[in-house]
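This report refers to the structure that appears directly beneath it.
The values are calculated or read from the model by the stated rules, or taken from the named source; none is laboratory data. Please read all numbers here as calculations on a predicted model, not as lab measurements. Please note: Cβ atoms are built from the backbone with ideal geometry, for glycine as well, and neighbour counts cover all protein chains shown. These area figures cover heavy atoms from the full protein model, side chains too; ligands, DNA and RNA do not enter into them. Shrake-Rupley method; radii C 1.70, N 1.55, O 1.52, S 1.80 Å.
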Amino acid sequence: FSNFTSVLRIKDRNIITPEFLYKYILFVYLRGDTRKMQKATTGIHNIEFDKFLSILVPIISLSEQQSIVDYLDSAFAKIDAMKANAEKALNEAKALFQASLKEMLEPKEGWEEKTLLVLTSKIGSGATPKGGRKVYIDEGCHLIRSMNVQYNEFKYEDLAHITDEAAEQLKGVEIQENDVLFNITGASIARCCVVPTDALPARVNQHVSILRLKQDVLPRFLSYILNSPKHQRELLEIGEAGSTRQALTKTDLENHIICYPNIDSQIKLLYTLDSLKSKVDRLQENYNKISQECDALKQAILRQVFE
């Protein structure tokens, strides 16, 4: 378990083996006992080593230790294989989706080419409300931040709420239905998605830009385009050029060129892309479920052995 960086050196391997000790410490960790030993330091949770050393370890014969280690290794190998198969299926689906995205959105004969400046009625980012986190409340107008904007997906986790006064101060970046949200700074630069209606009313902070389209391009179609490999590569190159911090300016977005077909063709392409994405989403949910079940199964087996 990778959170530990300290080294334990066993004095007498005739009493306990490293493999058995590791499995027992893993049991203690998964059981949650190490949380009682944590000491928060500048937001990082560290184990208090003196408390960690106070853990009582059962001492049994070396042959019994080896039997337990062999049993756990065998059981864990089967569990890991189950998780690996689910992960493989998910990665294959993601690769297929990216390949389809690239092929389907490759400019074809008859497609139009325009800049985002021409295609949008608004391109603009917000700001952090005065007072920062102090103005965050449990309910109220949403403040959308870069962590909420994923690739063709809106993440509700950590969605902040701000006071009416703070929302009024950000009236100029009020989100409207069908707005495309686009990250313009930091490690999440160039991720974008369409705002869901149940996230309204909302504002954006300075790390997120609003792309409000006219009639030529459908919002979800633009989101797919901007998240496609070609445009991600182009936008990341611009964002990383000449700066110590990844960032895209309003001018960068205004000058970015989009190639697109007519609305009827966009609708047909969206139907196929949405279908492929839903399959990836289902496999992602399946992988998350299997991953949780595998972790729970390991914990149950460790409890069976050590309790």
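Heavy-atom accessible surface of the chain, averaged per residue, reaches 58 Å², computed with a 1.4 Å probe. Dividing the alpha-carbon radius of gyration of segment 164-222 by the rule-of-thumb value 2.2 N^0.38 Å gives 1.14.
Max-minus-min Cα coordinates of the chain on each principal axis give 76, 47, 38 Å, with the largest extent listed first. Just the protein heavy atoms count here, and of the accessible area of segment 112-152 at 1.4 Å, carbon and sulfur take up 49 percent.
The alpha-carbon positions of segment 169-307 define a convex hull whose volume is 194 Å³ per residue. D164 sits with roughly 130 Å² accessible to a 1.4 Å probe, with DNA, RNA and ligands left out of the calculation. The HN-Hα couplings worked out from phi for segment 300-307 by the Karplus form 6.51 cos²θ - 1.76 cosθ + 1.60 (θ = phi - 60°) are 5, 5, 5, 5, 4, 7, 9, 7 Hz, whole numbers, x standing for Gly and Pro. Between the beta carbons of Q98 and R212, assuming R0 = 30 Å, the FRET efficiency works out to 0.65 to the nearest 0.05.
Over segment 250-307, with a single point scatterer placed on each C-alpha, what log10 of the ratio I(q)/I(0) does the Debye formula yield at q = 0.21 1/Å? Ignoring solvent entirely, the Cα scatterers give -0.88. Computed over the alpha-carbon pairs of segment 103-250, the distance histogram in 10 Å steps reads 12, 41, 33, 12, 2, 0 percent, short to long. With the whole protein complex present, K114 retains an accessible surface near 60 Å², based on a 1.4 Å probe. Taking 14 Å as the cut-off, the amide N atoms of segment 127-158 that come nearer than this to a point 7 Å along the Cα-to-beta-carbon line of A187 belong to 146-148.
Computed over the chain, relative contact order equals 22 percent, with contacts defined as Cα pairs under 8 Å that lie 6+ residues apart.
Available extension along the chain between R282 and E240 is 11.8 nm, counting 0.36 nm per residue and deducting the alpha carbon span. Peptide packing for 251-264, 57-70 was compared via the average number of neighbouring C-beta atoms within 10 Å per residue; ordered from the highest value, the list is 251-264, 57-70. When the alpha carbon gyration tensor of segment 72-155 is reduced to an equivalent ellipsoid, its three semi-axes come out at 38, 31, 8 angstrom, largest first.
Summing charges over neighbours of D73, with a neighbour being any other residue whose Cβ is under 11 Å away from its Cβ, gives -1 when K and R count +1 and D and E count -1. What separates the Cα centres of segment 146-214 and segment 64-109 is a distance of 32 Å. Taken one residue at a time, the phi angles of segment 145-158 give Karplus couplings (6.51, -1.76, 1.60, θ = phi - 60°) of 10, 4, 5, 7, 9, 10, 6, 6, 7, 9, 9, 7, 4, 6 Hz. Gly and Pro are set to x. Place a point 7 Å from the Cα of R13 along the Cα-to-Cβ direction; which residues of segment 59-88 have their backbone N under 20 Å from it? From segment 59-88, the list is 59-73. The stretch between Y136 and Q66 holds 19.8 nm of extra length on full extension. This uses 0.36 nm per residue minus the Cα-Cα distance. Cross-link partners for K23 among the aspartates and glutamates, with Cα-Cα distance under 18 Å and sequence neighbours closer than 8 places in the same chain left out: D12, D33, E64, D70, D73, D80, D295, E307. Evaluated with a Cβ-only charge set (Lys, Arg +1; Asp, Glu -1), the chain carries a dipole of roughly 580 debye about its Cα centre, given to the nearest 20.
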